[in-house]
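Below: one structure, written as structure tokens.
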Amino acid sequence: MTVGGLSPQGYAERLLSGDRLALARVISKFENRDAESAEILRSIFQHTGKAKVWGITGAPGAGKSTLVDQLVRVLRAQGLKVAVVAIDPSSPFTGGAILGDRVRMQDHANDPGVFIRSLGTRGKLGGLSHATLESVLALDAASFDVILVETAGVGQTELEILSLAQLVVVVLVPESGDSVQMMKAGLLEIADLFVVNKSDRPDSDRLVHHLQGVLDLSPEEKRRPEILKTQANAGKGVEAVADQLSVLSSLNGEENRRRGMEFLKREVLHILTERLSLSVQQAFETSSGQELLAQLVARKIDPISAANILSGG
Ligand SMILES: Nc1nc2c(ncn2[C@@H]2O[C@H](COP(=O)(O)OP(=O)(O)O)[C@@H](O)[C@H]2O)c(=O)[nH]1
Ligand SMILES: [Mg+2]
């Protein structure tokens with residue numbers, strides 16, 4: 001069956017009825033900021049807000065994809081429909097995810113209860129976080145119970161993306177000194193659960209103790225995150241991670257609601273800020289805008305008064 005040539009409404013209806021091809025197309029439209037995106041989003045938004053959205057972050061090579069793959073297995077065994085959104089900054093050339101992720105995930109390729117999607121970083125400023133949010137909304141509307149968002153904890157964009165998650169898992173590994181890097185990157189503040197992966201390697205207990213020390217020192221503004229050890233490539237410790245996430249999900253009802261509200265508030269603010277910024281730039285391009293700029297430069301008018309004029313004040 002083809003889904004080409006559908007109206008935005010048609011795409012939305014197919015997606016809501018569980019059509020995977022329509023879902024994939026809609027995500028592509030969101031990713032490419034297609035003109036139909038706004039209308040599709042409007043049609044599906046009321047059907048969102050049900051899925052659990054869990055972020056998985058950590059340095060490249062920490063084992064996030066391996067852990068995600070294993071979490072999918074565990075959650076599927078519990079009868080849950082699971083989607084994965086992988087954000088991959090390591091492949092700027094193809095705008096897609098590294099091959100390894102796809103190969104590993106092929107185990108789930110024929111399972112209708114699993115949907116895996118990579119989003120590239122080809123987006124412009126802020127584009128990737130918008131695309132990620134909208135993709136997560138599409139998956140939510142398509143009735144996935146759990147949406148796992150894998151992202152390398154490296155920059156502001158990734159932190160922004162993680163703020164859409166109700167729970168954030170930070171994956172650390174013993175051999176690298178990345179725990180300190182992670183803390184610097186602000187991951188300590190957003191972690192709801194720490195996973196020390198590659199526990200088959202020496203020094204994993206040392207990392208656990210180190211982390212405990214760090215947590216002892218940090219202000220107790222939120223629930224203290226647990227630290228769990230895994231060996232993701234052997235599937236060890238993954239059930240405990242899934243269980244802990246489920247427990248936190250059920251405990252965090254009010255907190256999840258608050259996070260969700262804060263996130264959506266910020267998203268609306270983003271949209272408006274982008275629009276306003278664009279319209280002011282366009283205003284400067286007009287002849288009266290050029291005149292205003294000339295007056296500014298000549299010190300005949302000050303920036304506050306210029307802003308008042310531009311905002312019609
Ligand atoms: N020794 C060991 N290797 C692991 C473990 N988990 C994952 N790996 C390996 O670490 C490498 C990077 O894993 P990957 O999941 O791609 O990391 P990501 O970049 O964080 O997504 C792969 O070769 C995995 O097989 C583990 O628990 N122990
Ligand atoms: Mg990965």
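The values are calculated or read from the model by the stated rules, or taken from the named source; none is laboratory data. A quick note: this is a predicted structure, and the numbers were derived from the prediction, not measured. Here the Cβ is made from the backbone with ideal geometry for all residues, glycine too, and neighbour counts use every protein chain on show.
Looking across 238, 247, one residue alone is assigned by TED's automatic domain parsing to the domain that holds residue 173, surrounded by 13 or more Cβ atoms within 10 Å (Cβ to Cβ) and at negative phi. It is 238. Taken together, 69, 34 contain a single residue that is closer than 22 Å to residue 164 by Cβ and not assigned by TED's automatic domain parsing to the domain that holds residue 228, which is 34.
Conditions (1) of a type in the set (Asp, Glu); (2) within 15 Å of ligand 1 (Cβ to nearest atom), marked per residue:
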position	(1), (2)
138	no, no
145	yes, no
148	no, yes
151	no, yes
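Beta carbons closer than 7 Å, at least 6 apart along the sequence or on distinct chains, pair a first residue in segment 194-211 that is assigned by TED's automatic domain parsing to the domain that holds residue 56 and without any contact (Cβ under 8 Å) to a residue 40 or more places away in the chain with a second that is among the hydrophobic types (A, V, I, L, M, F, W, C) and within 16 Å of ligand 2 (Cβ to nearest atom) for 194/170; 194/172; 196/172; 207/172.
Among the criteria (1) at pLDDT below 95; (2) within 16 Å of ligand 1 (Cβ to nearest atom), the one residue 33 does not fulfil is (2). Which residues, counting only those in segment 25-76, are free of Cβ contacts under 8 Å to residues at least 12 places away in the same chain and among the basic types (Lys, Arg)? Residue satisfying the conditions is 42 alone. Among the candidates 63, 49, 126, 55, the residue that is more than 16 Å from ligand 2 (Cβ to nearest atom) and modelled with pLDDT of 90 or more is uniquely 49.
Set side by side, the residues 311, 288, 279, 305 differ, and just one is surrounded by 10 or more Cβ atoms within 10 Å (Cβ to Cβ), hydroxyl-bearing (Ser, Thr, Tyr) and within 27 Å of residue 128 (Cα to Cα), which is 279. Scan 107, 145 and give me the residue that is in the same structural domain as residue 166 (by TED's automatic domain parsing) and either modelled with pLDDT of 75 or more or buried (at least 21 other Cβ atoms within 10 Å of the Cβ) (or both). Criteria check complete, one pass: 145.
Take the residues in segment 43-74 that are in a loop (DSSP other than H, G, I, E, B) and within 16 Å of ligand 1 (Cβ to nearest atom); name whichever of them is surrounded by the most Cβ atoms within 10 Å (Cβ to Cβ). Residue satisfying both the conditions and the ranking: 62.
Among the residues of segment 75-90, those that are part of a helix (DSSP H, G or I) and surrounded by fewer than 18 Cβ atoms within 10 Å (Cβ to Cβ) comprise 76, 77.
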